[in-house]
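Undergrad: Quick one: the structure is below, and I'll ask about it shortly.
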Amino acid sequence: MGSVFTHTHRPKKVIEDLKENRIKFSSPETDGNSTEIDQKKKEKMIKELNEFQDLISKENKNIKLWVNYNPEIGDYFLYNNNILISFSELYFGLNKGALFHEIGHYHYLKQELFFIGLNLIGYITFLGWGIYRKSVKTVGASGLIFFSSLSLISRYFEKQCDLYAVKKGYKQDLIDHFEKSKTENKKMKTKSWLFNLLISKNGDDRLNYSHPALTTRIKYLEELNED
Ligand SMILES: [Zn+2]
């Protein structure tokens, strides 16, 4: 099914692997070394995985949950109707706010694709016109407008998905998830000059045009008045 699903398994298989001691934990944080998972941790992981599975099937029967064993891959990710979570997220504790944000993406997928398509049509028209007129400025402007609009569309839907998680009652979970991401980013910042460049002092990604900054997202959620 493509590279996204390499080393990716359904919860049933993950639970079997955990019970049969077929999988160890490794991550960049353990410098790639694999460590045994103790019994208590295993039970917690199985419980959380089952809980996630239940929440998803109550919400939408079409969404499938997968766990990725690749230690390099982190976080939560939606691919078509599949939600992928990393084994390290499972190890350190699953977050329902992050889960419902991804379900939000599934929910808004058609709308987002519609706006991206509209933007693409606008771009091609504008670009074609620029080429026809042999206007470098028009060609340049069309590209600039296309990428800015793409960033705006993406950020708008990221916010809608955050609000989707809030609506489902997981506002604090989502804030905790963003705080955790910031802490992880700050740790990465000290590891190499490249990460130092890419990550701000607050732990925000400097070059992420598709998502609002973590600090902005947290502030927005904290100031939100729920009725
Ligand atoms: Zn998102």
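Undergrad: Determine, yes or no, whether Leu197 is over 28 Å from Leu99 (Cα atoms) and either exposed (fewer than 13 other Cβ atoms within 10 Å of the Cβ) or within 23 Å of the chain's Cα centre (by Cα) (or both).
TA: yes
Undergrad: Given the conditions (1) among the hydroxyl-bearing types (Ser, Thr, Tyr); (2) within 16 Å of the ligand (Cβ to nearest atom); (3) under 25 Å from Tyr170 (Cα atoms), and given that Ser151 satisfies all but one, which numbered condition is not satisfied?
TA: Just one mismatch for Ser151, condition (3).
Undergrad: Within the set of pairs 6 or more residues apart or between chains, which connect a residue that is farther than 17 Å from Leu99 by Cβ inside segment 36-51 to a residue that is β-branched (Val, Ile, Thr) and assigned to a loop (DSSP other than H, G, I, E, B) with Cβ atoms less than 9 Å apart?
TA: Ile37/Ile23
Undergrad: Right, another one. When you check Ser154 against the structure, is it touching a residue at least 24 places away in the same chain (Cβ under 8 Å) and not assigned by TED's automatic domain parsing to the domain that holds His7, yes or no?
TA: Spelling it out, Ser154 is indeed touching a residue at least 24 places away in the same chain (Cβ under 8 Å) and not assigned by TED's automatic domain parsing to the domain that holds His7.
The values are calculated or read from the model by the stated rules, or taken from the named source; none is laboratory data. Remember, predicted model here, so these are calculated numbers, not experimental data. Glycine also receives a Cβ, built like all others from the backbone with ideal geometry; neighbour counts cover every protein chain displayed.
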